[in-house]
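Heads up: the structure comes next, in structure tokens.
The values are calculated or read from the model by the stated rules, or taken from the named source; none is laboratory data. Since this is a predicted model, take the numbers as computed values, not measurements. Ideal geometry is used to build each Cβ from the backbone, glycine not excepted, and the neighbour counts take in all protein chains shown. These accessible areas exclude ligands, DNA and RNA; they are computed on the full protein's heavy atoms, side chains included. Shrake-Rupley method; radii C 1.70, N 1.55, O 1.52, S 1.80 Å.
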Amino acid sequence: MSFKEVTALRRAGNLSEAYEMAKQDLSEEKSEWTYGAMFWVLRDYCLYFIQKAQNAKAQKCLDNMLIYLDRMDDLDGVARNAYQKMQKMLDPNVQIIQDLNEKSKQLGQEQDAYNSLKRLLQSGLSQAMHEDAGWIIYRFLKANVRIINFNDAIEAITLYLNLRNTRPSILHSQMLILTTQIKEKYTEFDLLSFIDEWGNCNFSFQDYHSSIYNGKEIAPLVDRIIEKCYSFGYTLQDVVNTFCSNEIDEERIFKCYSRYTFFDIDKLKEDRIDKMLDRISKYLEISNNLLIKNEYHSRILSYILWKLPENKTAYFPQMLEQWGIGNFRHEDWEKEENKESVFPSLVERTIAKCIDAYKISHFENVSEDFELLLSEAIKKYPNNEQLLRNYGITLFFRNKKEDALNVYKSLLLQLNTYYVWKELAAITDDKRLKISALCKALIIEKNENFLGEIHLQLAELLIKENLYANAKEELKKYFDTYTKNSWRIADIYTQQMQLIPSDTIPTNNDDFYRSHLNVADEFVYSDIDWTHMVIIDIYIKEDDKKRCQKVRLCAENGLNVTINYAILREKIQQDITIGLCVDAKIVSKDDHYQCVLVRVSDLNISDVFNKIAGYIDYYNKEKQCYTILGHNHRRYIIYTHLKLDCQSYCLCYEIPEKEHDNNKPYKAIYSKTIEPIEAVSMFTYRTAVVDNVNEEKQLFHCVFNRGVDMIIHFRETI
């Protein structure tokens with residue numbers, strides 16, 4: 001037997017056979033299908049008895065239907081609707097309720113229909129009639145919501161809540177909307193208490209989703225009701241207590257609170273700044289320490305950044321702490337773009353505002369959360385130098401001085417600017433590094449309009465070292481620039497001048513600057529290893545020495561770096577010659593290698609390059625170079641101003657290459673000429689047979705193996 005067979009029998013009018021088959025199926029198997037089959041057979045019997053006016057038998061069928069309804073599969077509600085329809089057909093008041101329902105739909109008849117319903121409810125009304133009763137109450141309230149007195153409204157609402165109609169439903173949701181209008185009229189009406197009885201789990205599926213009306217998007221009913229509660233003055237906690245359930249979580253409630261507050265603030269933004277800030281302050285007090293991540297919470301922070309008066313900037317870190325540093329969304333980290341420009345993200349703008357505030361308070365009470373935010377921002381925006389500078393300063397004022405110095409060390413490897421050196425001088429306790437960093441700044445930046453504070457800072461340090469002539473020169477440069485621009489002279493200038501003997505004559509500080517750069521350079525590049533390198537070429541054009549004097553260095557791994565001849569000469573303080581070994585610190589920027597520090601090495605060329613014994617094969621007059629056949633079977637070219645004898649032997653050093661074109665000879669640096677016996681000792685030996693001797697030409701012919709032979713002159717033998 002099957003559900004389909006039972007259904008076929010009852011549709012054919014064979015109810016008795018269908019009933020017996022369904023009964024037999026139930027005795028053999030109890031499942032949603034066998035329960036369902038029996039339910040629909042009983043429904044057909046119930047309808048049959050109603051039509052025969054045998055209501056007692058119909059009621060018995062109805063009672064049995066309820067037993068099976070609770071056990072069968074009825075996800076679409078079709079079976080329950082059928083059950084309720086039978087209930088209504090058996091109810092003695094069915095016609096009365098249907099008449100009242102139709103009457104309540106007529107304009108002006110809502111009151112009469114409602115009054116009649118009240119009398120019926122007092123005498124008792126079966127649950128089957130409660131859905132229609134609910135609509136009668138709803139239409140009465142809707143028609144009279146603007147004029148109804150408080151007690152009558154409460155009576156109608158209470159009557160509705162006592163019904164046992166279907167919930168959730170369209171009617172149930174509409175009643176909730178209607179009660180918000182009652183609340184608008186009567187503030188004493190406790191809407192949240194009503195919602196508790198109404199049931200926060202009784203929102204329908206549609207109530208959780210937005211809809212479209214006249215081309216505009218309408219927010220979900222759930223959100224609109226929650227925001228209504230805020231507008232009526234209920235607190236966030238009150239709303240959480242009422243609405244928070246499995247269906248409505250805190251995140252949704254918080255978003256509604258942020259949205260409601262945002263539009264409330266938006267109304268005040270133009271010409272009521274004080275009230276707007278008060279409203280924001282109240283919001284922040286309530287949201288303090290809460291995890292709130294939504295669009296409107298972020299937009300409120302944007303309003304703070306936009307509208308906070310300059311004289312209140314110092315309060316921003318406190319406001320941010322209340323807002324919640326951990327409440328930034330993924331979208332808040334993204335740059336803001338339009339068709340033409342890219343703007344900083346909300347996170348970047350927030351950090352900048354915080355730094356402005358901390359500067360006012362001299363970085364007092366910088367929070368750990370802000371430090372962590374900066375750390376994350378640096379990872380997100382690696383090319384934002386301002387963030388890295390702010391991070392270094394923040395670490396310094398959080399008493400993490402070593403970490404701060406490391407940040408500036410990293411920054412200066414990429415950004416060699418005067419203001420970064422100035423900031424380094426401000427955060428280091430090393431007096432020598434302070435002076436060196438300020439000297440760096442003064443050499444790098446040529447515009448005196450930017451250097452006033454640096455001159456004052458350096459002058460203060462020089463006075464403490466009793467270098468009065470140098471200090472007075474710094475103060476003179478400061479005074480001349482500020483006087484020229486009609487800028488106010490700082491009081492510290494006068495105080496420093498009073499510390500310098502009156503007969504002191506200023507001295508030019510250019511040499512002083514250059515002689516004090518090493519400490520700063522060594523600090524920045526201290527983590528970079530020294531690389532052993534050899535001078536492999538010197539470029540000097542006699543007609544343009546200033547521009548073309550350069551030196552090329554090469555390491556044992558083939559790395560090549562070019563350095564200015566004059567700078568190298570100044571650093572190593574000795575003559576520059578090809579083959580001289582130096583130690584250098586190399587940095588890479590934009591795929592370009594740069595030598596930043598250099599010194600004379602304790603090593604020599606033989607410690608860095610491979611030594612090659614070679615046979616001088618011939619001289620290329622056009623290229624002015626010699627071709628050498630090395631003991632390692634490689635061909636080399638060497639450039640030297642010395643005149644060498646071909647067919648003689650020499651010692652040279654192979655210049656390493658990262659990649660070599662096998663079609664070209666290798667390059668080497670000439671060292672000295674050596675005796676053949678010394679050279680031959682480095683060559684590999686091969687056995688050959690002399691098969692012919694030419695006395696006249698002083699040569700003989702040798703054969704090594706099949707297909708390999710050569711001619712050797714007598715003079716080439718030892």
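Quick notes on this one:
- Restricting attention to segment 72-88, the residues that are of a type in the set (A, V, I, L, M, F, W, C) and surrounded by fewer than 17 Cβ atoms within 10 Å (Cβ to Cβ) total 2.
- Residue in segment 543-557 that is basic (Lys, Arg), part of a helix (DSSP H, G or I), more than 22 Å from His641 (Cβ to Cβ) and open to solvent by less than 90 Å² (accessible area, probe 1.4 Å) present: no
- Residues of segment 435-445 satisfying the condition of being open to solvent by 20 Å² or more (accessible area, probe 1.4 Å) and more than 36 Å from the chain's Cα centre (by Cα): Ile443
- A search for C-beta distances below 6 Å between a residue of segment 270-293 that is of a type in the set (Phe, Trp, Tyr) and any residue that is not in a loop (DSSP other than H, G, I, E, B), counting only pairs 6+ apart in sequence or on different chains, returns Tyr283/Thr261.
- Comparison of Gln95, Gln127 shows that the only residue that is of a type outside the set (Val, Ile, Thr), open to solvent by 50 Å² or more (accessible area, probe 1.4 Å) and without any contact (Cβ under 8 Å) to a residue 12 or more places away in the chain is Gln95.
- Candidate set from segment 446-473 (those that are within 25 Å of Ser486 (Cβ to Cβ) and part of a loop (DSSP other than H, G, I, E, B)); member that is least open to solvent (accessible area, probe 1.4 Å): Leu451
- Residues satisfying the criterion are present in segment 132-145 (criterion: within 53 Å of the chain's Cα centre (by Cα), surrounded by fewer than 19 Cβ atoms within 10 Å (Cβ to Cβ), of a type outside the set (Gly, Ala, Ser) and on the phi < 0 side of the Ramachandran plot).
- The one condition in (1) within 32 Å of the chain's Cα centre (by Cα); (2) assigned to a loop (DSSP other than H, G, I, E, B); (3) of a type in the set (A, V, I, L, M, F, W, C) that Ile265 fails to fulfil: (2)
- Checking every residue in segment 392-407 against the condition of being part of a helix (DSSP H, G or I), hydroxyl-bearing (Ser, Thr, Tyr) and open to solvent by 30 Å² or more (accessible area, probe 1.4 Å) gives zero matches.
- Segments classed as strands (runs of 3 or more DSSP E), wholly inside segment 641-718, with at least 2 members that are closer than 30 Å to Cys581 by Cα, of a type in the set (A, V, I, L, M, F, W, C) and touching a residue at least 40 places away in the same chain (Cβ under 8 Å): 649-654, 666-674
- Single condition Leu159 does not satisfy, out of (1) part of a helix (DSSP H, G or I); (2) within 35 Å of the chain's Cα centre (by Cα): (2)
- Pairing each residue of segment 509-530 that is farther than 23 Å from Leu553 by Cα with any residue that is among the hydrophobic types (A, V, I, L, M, F, W, C) and part of a helix (DSSP H, G or I), provided the two are 6+ apart or on different chains, yields C-beta distances under 6 Å for Tyr513/Cys439; Tyr513/Leu442; Tyr513/Ile443; His516/Ile435; His516/Cys439; Val519/Leu433; Ala520/Ala437; Phe523/Leu433.
Table: residues versus (1) modelled with pLDDT of 90 or more; (2) closer than 30 Å to Arg139 by Cα.
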site	(1), (2)
Leu9	no, no
Asp63	no, no
Asn81	no, yes
Glu110	yes, yes
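Table: residues versus (1) surrounded by fewer than 16 Cβ atoms within 10 Å (Cβ to Cβ); (2) touching a helix residue (DSSP H, G or I) at 6+ places or on another chain (Cβ under 9 Å); (3) of a type in the set (D, E, K, R).
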{"site": "Leu277", "(1), (2), (3)": "no, yes, no"}
{"site": "Leu320", "(1), (2), (3)": "no, yes, no"}
{"site": "Asp332", "(1), (2), (3)": "no, yes, yes"}
{"site": "Val342", "(1), (2), (3)": "yes, no, no"}
{"site": "Ser345", "(1), (2), (3)": "no, yes, no"}
{"site": "Cys354", "(1), (2), (3)": "no, yes, no"}
{"site": "Phe370", "(1), (2), (3)": "no, yes, no"}
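- Reported count of residues in segment 294-315, each being over 14 Å from Cys256 (Cβ atoms) and not in a helix (DSSP H, G or I), is 2.
- Yes/no for Ser16 being without any contact (Cβ under 8 Å) to a residue 24 or more places away in the chain and either touching a Phe, Trp or Tyr at 6+ places or on another chain (Cβ under 9 Å) or open to solvent by less than 30 Å² (accessible area, probe 1.4 Å) (or both): no
- Contact map, segment 430-457: first residue closer than 10 Å to Val519 by Cα, second residue of a type in the set (Val, Ile, Thr) and open to solvent by less than 40 Å² (accessible area, probe 1.4 Å), Cβ cut-off under 6 Å, separation 6 or more or different chains; pairs are Arg432/Val519; Leu433/Val519; Lys434/Thr428; Ser436/Val519.
- Among the residues of segment 597-633, the one identified as closer than 17 Å to Cys646 by Cα, of a type in the set (Lys, Arg) and touching a strand residue (DSSP E or B) at 6+ places or on another chain (Cβ under 9 Å) is Lys623.
- Leu413 in contact (Cβ under 8 Å) with a residue 24 or more places away in the chain, under 29 Å from His592 (Cβ atoms) and in contact with a strand residue (DSSP E or B) (Cβ under 7 Å, 6 or more places away or on another chain): yes
- The helices (runs of 4 or more DSSP H) located wholly in segment 171-261 that include 1 or more residues which are over 27 Å from Asn144 (Cβ atoms), modelled with pLDDT of 95 or more and not basic (Lys, Arg) occupy 221-231, 236-243.
- Scanning segment 621-640 for residues that are under 23 Å from Thr577 (Cβ atoms) and either open to solvent by 100 Å² or more (accessible area, probe 1.4 Å) or among the basic types (Lys, Arg) (or both) returns Lys623, Gln624, Tyr639.
- Annotation note: of Glu465, Glu473, the sole residue that is of a type in the set (Asp, Glu) and under 21 Å from Asp430 (Cβ atoms) is Glu465.
- Ser258 vs. criteria touching a strand residue (DSSP E or B) at 6+ places or on another chain (Cβ under 9 Å) and buried (at least 18 other Cβ atoms within 10 Å of the Cβ): no
- Enumeration of residues in segment 356-368 that are among the aliphatic types (A, V, I, L, M) and open to solvent by 50 Å² or more (accessible area, probe 1.4 Å): Ile360
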